[in-house]
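**Student:** Take this structure, written in structure tokens, and hold onto it; I'll ask about it next.
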Amino acid sequence: NSFNNFHSLAADAKVVLPIGDIFAFIPSFDFRFLLGDEVPVPYMNVVGGSLRSRYLDQQMPFVGITNMASMKNILTVFRTDLRFKVAKNHYLTGIVNYLRDSETFKTYTVGPGFFGAAVEYSYDTIFGPLTANVHWSDLTGKAGFYISAGYNF
């Protein structure tokens, strides 16, 4: 038997830029590059959902996909949250994200990529935020709904 050698390179960043007491601009990005001839299925790139690593360790959040979708070896996700404080402990957030994937760096700019968007409402409680969102993505072509209670661990 031979060993299938592959490598993974990943990074992510997120920053909160408050603008006054009511508005926050929250940009973020994720990328994961898989290098090698054949990447085993358990290590493939996947996106979906509101939580990072919900189903697989390497899962990137992508609003607009309720579960998980497999992607190609070169994957980038860019996201922007526009959060408004409506009242004490009440928040309304508009979320847009965009992803591109390809098998090689050479073909990365070919094709339109995928877009997702959501409107999210959150209420901060002593036990953590209660959150609900309505989302859509052109990857699935379907609208969805997600609700969560408490902090993400």
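The values are calculated or read from the model by the stated rules, or taken from the named source; none is laboratory data. Not measured: the values here are computed from a predicted model. Every residue, glycine as well, gets a Cβ built from its backbone with ideal geometry; the counts of neighbours run over all protein chains shown. Keep in mind that these areas ignore ligands, DNA and RNA; they rest on the heavy atoms of the full protein, side chains included. Shrake-Rupley method; radii C 1.70, N 1.55, O 1.52, S 1.80 Å.
**Student:** Please report the equivalent ellipsoid semi-axes of the chain, computed as sqrt(5 x eigenvalue) of the Cα gyration tensor, largest first, in whole Å.
**Tutor:** Working from the Cα gyration tensor, I get semi-axes of 31, 16, 14 Å.
**Student:** For the chain, which whole-number percentage of the solvent-accessible area (1.4 Å probe, protein heavy atoms only) is attributable to carbon and sulfur atoms?
**Tutor:** 62 percent
**Student:** Right, next: Between segment 3-20 and segment 65-143, what is the separation of their alpha carbon centroids in Å?
**Tutor:** A separation of 15 Å, based on Cα centres.
**Student:** Here's something else I'd like to know. With labels modelled as points extended 7 Å from the Cα through the Cβ direction, what inter-label distance (nm, one decimal) is found for T125 paired with V16?
**Tutor:** Between T125 and V16, the label points sit 2.0 nm apart.
**Student:** With a 10 Å cut-off between alpha carbons and a GNM built on the chain, which of G64, G20, G113 moves the most?
**Tutor:** With Cα springs under 10 Å in the chain, the top fluctuation among G64, G20, G113 is at G20.
**Student:** So how do H135, H7, H90 rank on accessible area, 1.4 Å probe, biggest first, that is with the largest at the start?
**Tutor:** H7, H90, H135
**Student:** For the chain, build the charge dipole from Cβ charges (+1 Lys, Arg; -1 Asp, Glu) around the Cα centre, then report which of N89, A69, L9 sits farthest towards its positive end.
**Tutor:** N89
**Student:** A follow-up question, please. Between S53 and S70, what is the spin-label point distance in nm, taking each point 7 Å from the Cα along the Cα→C-beta axis?
**Tutor:** Result for the modelled spin labels: 2.3 nm.
**Student:** Could you give the dipole magnitude of the chain about its Cα centre, charging the beta-carbon of Lys and Arg +1 and that of Asp and Glu -1, in debye to the nearest 20?
**Tutor:** With only Lys, Arg, Asp and Glu charged at Cβ, the dipole is about 260 debye.
**Student:** Just reorder T107, T80 by solvent-accessible area, largest first, 1.4 Å probe, all chains present. Kindly include the intermediate steps, with their values, before the conclusion.
**Tutor:** Working: T107 60, T80 35 Å².
From most accessible down to least: T107, T80.
**Student:** If you don't mind, another one. Counting only DSSP beta bridges with both residues in the chain, tell me the antiparallel percent, nearest 5.
**Tutor:** 95 percent
**Student:** Next question. With labels modelled as points extended 7 Å from the Cα through the Cβ direction, what inter-label distance (nm, one decimal) is found for F145 paired with T107?
**Tutor:** A separation of 3.9 nm, rounded to one decimal place.
**Student:** What Kirkwood Rh does segment 33-106 have if only Cα atoms enter the pairwise 1/r average? Answer in Å.
**Tutor:** The answer is 13.8 Å.
**Student:** Give the residues of segment 131-153 whose amide nitrogen is closer than 19 Å to a point set 7 Å from the Cα of V86 in the direction of its Cβ.
**Tutor:** Residues 131-136, 144-150 qualify, since their backbone N sits under 19 Å from the label point.
**Student:** Let me ask something else. Can you give me the accessible area per residue for the chain, using a 1.4 Å probe, in Å²? Could the numbers behind the result be given before it?
**Tutor:** Details: 9500 Å² over 153 residues.
Spelled out: the 1.4 Å probe surface of the chain, per residue, equals 62 Å².
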